[in-house]
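Student: Sharing a structure with you now.
The values are calculated or read from the model by the stated rules, or taken from the named source; none is laboratory data. Not measured: the values here are computed from a predicted model. Don't worry about glycine lacking a Cβ; one is built from the backbone with ideal geometry, like all the others, and counts go over all protein chains shown. SASA here: full protein model, heavy atoms, side chains in, ligands and nucleic acids out. Shrake-Rupley method; radii C 1.70, N 1.55, O 1.52, S 1.80 Å.
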Amino acid sequence: VRFNFSGSGQGPEDEALTDLDAFRRNTFSKERDEALRMLRAIQEREVGDGRILTERLGLFGHSRGGAAALLAAAVRPVQALVTWSAVGTAQRWNDAMRQAWRQAGEIEIVNGRTGQKLTIGTELLDDIEHNREALDLTAAAGRRKAPWLVIHGDADETVPVADARALHDAATEPRALHIVDDASHTFAAGHPFTGPTPHLIEAMNATQRWFHRHLVVRSA
């Protein structure tokens with residue numbers, strides 16, 4: 001089951017972000033809650049047409065989606081978790097940056113995949129300031145029970161590889177850390193997508209092995 005967050009700014013068939021207002025108003029809490037809503041819908045068989053083994057669910061997310069997956073796994077049990085290039089903290093901006101953000105009413109970022117210049121409103125700033133404990137990713141790392149594979153490129157230009165090491169160190173067992181040498185935030189995959197790269201293949205193979213190890217039901 002693949003889904004887009006309502007605040008991702010991207011429709012099911014879109015390559016680029018098209019709903020810039022939704023992206024502007026998105027928050028960490030919204031993404032966590034929507035991931036939990038999707039897990040609940042799967043486990044209660046509201047989606048999947050009965051084809052999903054609801055007792056054998058793996059959860060996967062990239063970047064901010066990795067944070068949402070971790071926060072969701074700390075609340076609602078799943079059987080395996082994989083994150084790629086996940087942020088290690090919601091508190092990603094220093095005091096001076098947050099003050100300037102508040103004064104301007106927005107902050108500008110560049111999407112690493114599409115190259116689009118995007119703005120984030122103060123809704124996200126309010127969320128991280130008012131929900132510090134609920135959005136504490138290192139605490140979530142310690143609470144979640146699912147076997148967790150943390151994958152990160154050591155040349156990530158958006159989220160430092162130190163975030164992956166910190167999450168891994170904070171996590172309880174079972175967990176593993178897979179560093180992809182010289183890999184960027186998107187594992188060298190660009191927009192438009194022209195095919196898999198060696199870095200992307202390495203990350204994908206590690207992910208498939210992890211899910212196979214922890215989700216496949218083996219015959220007696």
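Student: Hey, any idea what % of region 54-202's accessible area is carbon plus sulfur with a 1.4 Å probe? Mind dumping the intermediate values first?
Tutor: Details: 3500 of 6800 Å².
So the carbon and sulfur contribution to the accessible surface is 52 percent.
Student: Looking at region 114-153, which trypsin sites (Lys or Arg not before Pro) are DSSP coil and have at most 13 other C-beta atoms within 10 Å of their C-beta? Each step should come with its number before you reach the end.
Tutor: Values: sites: 117, 132, 143, 144, 145; in loops: 132, 144, 145.
Counting only loop positions with at most 13 other Cβ atoms within 10 Å, the trypsin sites (Lys or Arg not before Pro) in region 114-153 are 132.
Student: What whole-number volume per residue, in cubic angstrom, does the convex hull of the C-alpha atoms of region 140-220 give?
Tutor: On the way: hull volume 9.3 nm³, N = 81.
Convex hull of Cα atoms, per residue: 115 Å³.
Student: Restricting to bridges with both residues inside the chain, how much of the DSSP beta-bridge set is antiparallel, in percent to the nearest 5? Please report the intermediate quantities before stating the final value.
Tutor: On the way: 5 of 20 bridges.
Antiparallel bridges: around 25 percent, rounded to the nearest 5.
Student: Give a residue-ordered list of calculated ³J(HN,Hα) values for region 161-167 (Karplus: 6.51 cos²θ - 1.76 cosθ + 1.60, θ = phi - 60°; whole Hz; x for Gly, Pro).
Tutor: Running phi through 6.51 cos²θ - 1.76 cosθ + 1.60 with θ = phi - 60° gives 4, 4, 4, 5, 5, 5, 5 Hz.
Student: Enter the accessible area per residue of the chain (Å², integer; probe 1.4 Å; all protein chains in place).
Tutor: Details: 11460 Å² over 220 residues.
Result: 52 Å² of accessible area for each residue.
Student: Sticking with this structure for a sec: Find, among the trypsin sites (Lys or Arg not before Pro) in region 1-92, those assigned to loop by DSSP (not H, G, I, E, B) with at most 10 other beta-carbon atoms within 10 angstrom.
Tutor: 2, 51
Student: Rounded to a whole number, what is D in µm²/s for region 84-211 from Stokes-Einstein with the Kirkwood radius over alpha-carbon pairs (4 °C, 1.567 mPa s)? Let's see the in-between values first.
Tutor: Numbers: Rh = 16.2 Å.
Approximately 80 µm²/s, per Stokes-Einstein.
Student: Next question, about the same structure. Share of Cα-Cα pairs in region 1-109 beyond 17 Å, in percent? All intermediate terms of the calculation are to be shown ahead of the outcome.
Tutor: Numbers: 3571 of 5886 pairs.
Of all Cα-Cα pairs in region 1-109, 61 percent lie more than 17 Å apart.
Student: So, one more: Identify the chymotrypsin sites (Phe, Trp or Tyr not before Pro) of region 182-220 meeting these criteria: DSSP loop state and at most 10 other C-beta atoms within 10 Å of the C-beta. Could the numbers behind the result be given before it?
Tutor: Working: sites: 187, 193, 210, 211; in loops: 187, 193.
The qualifying sites: there are none.
Student: I'd like the antiparallel share, as a percent to the nearest 5, of DSSP beta bridges with both residues in region 74-164. Walk me through the intermediate numbers first.
Tutor: Numbers: 5 of 9 bridges.
Rounded to the nearest five, the antiparallel share is 55 percent.
Student: Another question about this same structure. Report the rotationally averaged projected area of the chain based on its alpha-carbon convex hull, in square nanometres. Spell out each step's value before the answer.
Tutor: On the way: hull surface 51.2 nm².
Result: 12.8 nm².
Student: How large is the dipole of region 47-167 about the Cα centre if only Lys and Arg carry +1 and Asp and Glu carry -1, each at its Cβ, rounded to the nearest 20 debye? Display every interim value, and only then the final one.
Tutor: Values: 14 positive and 15 negative charges, 89 e Å.
Here the size comes out at about 420 debye.
Student: Rounded, prolate or oblate for region 78-138? Axes are the square roots of the Cα gyration tensor eigenvalues, ordered a ≥ b ≥ c, and the cut-off for rounded is a/c under 1.5.
Tutor: On the way: a/c = 2.53, a/b = 1.30, b/c = 1.94.
Here region 78-138 falls in the oblate category.
Student: In addition: Would you list the P(r) distribution for region 46-123, with all Cα-Cα distances sorted into 5 Å bins from 0 and each bin expressed as a whole %?
Tutor: Spelled out per bin, shortest first, that is 3, 12, 15, 17, 17, 12, 10, 7, 4, 2, 0.
Student: Could you pull out every residue, at least 5 positions away or on a different chain, whose amide H is within less than 5 Å of the one on residue 153? Hs are placed 1.01 Å off N in the peptide plane, and Pro or chain starts have none.
Tutor: The answer is 85, 180.
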